[in-house]
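First comes the structure, then the notes that go with it.
The values are calculated or read from the model by the stated rules, or taken from the named source; none is laboratory data. Just so it is clear, the structure is predicted and the values come from calculations on it, not from any experiment. No Cβ is skipped: glycine too gets one built from the backbone with ideal geometry, and neighbour counts run over all protein chains shown.
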Amino acid sequence: MANSGCEVHRFDPSIKSAHIQQGRHLWHHRLSIDWRDPNPAIAAHKLHSNTKKLGTVLNEFGHQKIDVLKVDVESAEWKILENLILEDVVEQIGQLVFEVHMHWPGFEVSGNDSTVVRYWYSLLRELELKDFRLFHTYKDLSKPQMFLKKEAFNASSCYTLSWVNTRWK
């Protein structure tokens, strides 16, 4: 995408420098997207790690919109998606490509299986109510065939869901 002239920001908390520009359109940031901003009263646990909400990052970078957001946050996706919806950040996104993990509820998501599934469904339904339409799915069969810690034939613990915002301008 960067080679095609798109401005690309990649967030990876494991890189050594805070910000690295690689080429004209590609930036790497030592940062991970989270569903909450850090508490300033609590010292960071890792020297080379920082987490922030996407809305905070957009404000700090001076961005108003994201054409394509691809997210793989290893089971934090449900809480991040909830934050994007609750704070109306999702409306600033043209396409949303989310990797979802279904082998366990995810960070700070609790309850019995039916409660967890209702929570997941409510977030996906909110995307639809905000005029996002699912246009592609990918089931990663190289991952374990598990759903909420139970074996699930012909299922995967990991799916990639691609959504387009039909109100995007």
Tell me, which residue of region 33-74 that is buried (at least 17 other Cβ atoms within 10 Å of the Cβ) and hydroxyl-bearing (S, T, Y) is modelled with the lowest pLDDT?
T51
From (1) in a loop (DSSP other than H, G, I, E, B); (2) assigned by TED's automatic domain parsing to the domain that holds T166, pick out the condition that doesn't hold for P38.
(2)
Considering only residues of region 119-169 that are among the charged types (D, E, K, R) and either outside the structural domain of W78 (by TED's automatic domain parsing) or surrounded by 16 or more Cβ atoms within 10 Å (Cβ to Cβ) (or both), which is farthest from the chain's Cα centre (by Cα)?
K130
Enumerate the pairs (first residue in region 3-22 and under 20 Å from D72 (Cβ atoms) and modelled with pLDDT of 90 or more; second residue anywhere and of a type in the set (G, A, S) and not in a loop (DSSP other than H, G, I, E, B)) with beta-carbon separation below 7 Å, excluding pairs fewer than 6 apart on the same chain, so at least 6 apart or on different chains.
V8/A2
